[in-house]
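Engineer: Please read through the structure below; I'll follow up with questions.
A short reminder: the numbers here are calculations on the coordinates, not readings from a lab. Predicted, not measured: the structure shown is a model, and the values here were computed from it. So basically every Cβ, Gly included, is an ideal-geometry build from the backbone, and we count neighbours across all protein chains shown.
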Amino acid sequence: MEIITNSFKRSDLVKVTGRIDSATSSQLAETFNNIQKNGRYKIVFDMAAVDFISSSGLWVLVNAQKTSKRYNRGEIVLACVPARIYSTLDLAGFVPFFRTFDDVTAAVGYF
Amino acid sequence: MASSTFPGRFENLARIDEFVRQGAELAGLNEDDIYSVRIAVEEACSNIIEHAYGGEGKGSIFCTVCPDESGLTITLVDHGLPFDPRCVPPPNLHADLSHRKEGGLGLYFIQKLMDEIHFDSSANSGNQLILIKRKRIS
């Protein structure tokens, strides 16, 4: 799994390439934690190159969303969610927790 | 049929995934069903490491994949603590964000994504989980 982050004026972008499973999800959690510890809670998560995500990875997203949304200080939005991953989010009942966008530009523009 | 033994460490989940994906392709499952099988096996193996063995490096996972004309049968065997899936409460899928509590999704995913699951726990042969995905008739 590879993680790339980019900081914009109003939001941060996190892009993951590869699989997010029990072996790698802690790295993603640490990435979100580091961004949020700097007082930045508006985050775009680009999932275009994520080819697999287990429940362990989904919980990282949900826990990071809880942190971002606390005190209405921000939000994590999802961009380019592959269809099979969207189905897994749906199966977990997590779809209502995330705003989704078809492309990264629209997601960054949301903030 | 193919079998392999993997040390019970999270870093081996990708190797198990590749082993199972090859079996699913040989069975002729469609891409959506292959992904479902991969998720189910990932969740099962994570649970074995985390709950049956109580952590990494405590034991191995013996995995057999058996593709045939009807689909794919996967058998996972471990020698950790016995497990009764009936004792795991289902996740509350309708709780709002602040009330969703971590855990419980793995078994739920396995039950939802596979066509059949069979669990057997005995002192001699360890815990055996059989997962079956049938080929869809198109």
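Engineer: For region B:114-127, indicate whether the set of residues that are of a type in the set (A, V, I, L, M), buried (at least 22 other Cβ atoms within 10 Å of the Cβ) and either more than 30 Å from residue A:69 (Cα to Cα) or in contact (Cβ under 8 Å) with a residue 60 or more places away in the chain (or both) is non-empty. Spell out the reasoning first.
Structural biologist: So in region B:114-127, the residues of a type in the set (A, V, I, L, M) come out as B:114, B:117, B:123.
Pick out the ones that are also buried (at least 22 other Cβ atoms within 10 Å of the Cβ) and you get B:114.
Subsequent filtering for residues that are either more than 30 Å from residue A:69 (Cα to Cα) or in contact (Cβ under 8 Å) with a residue 60 or more places away in the chain (or both) retains B:114.
Yes, because at least one residue in region B:114-127 is of a type in the set (A, V, I, L, M), buried (at least 22 other Cβ atoms within 10 Å of the Cβ) and either more than 30 Å from residue A:69 (Cα to Cα) or in contact (Cβ under 8 Å) with a residue 60 or more places away in the chain (or both).
Engineer: Let me ask you something else. Any chance you could count how many residues in region A:37-66 are touching a strand residue (DSSP E or B) at 6+ places or on another chain (Cβ under 9 Å), under 23 Å from residue B:105 (Cβ atoms) and not acidic (Asp, Glu)?
Structural biologist: Count: 14.
Engineer: Examine region A:48-63 for a residue that is free of Cβ contacts under 8 Å to residues at least 12 places away in the same chain and within 14 Å of another protein chain (Cβ to nearest Cβ), and state whether such a residue exists.
Structural biologist: no
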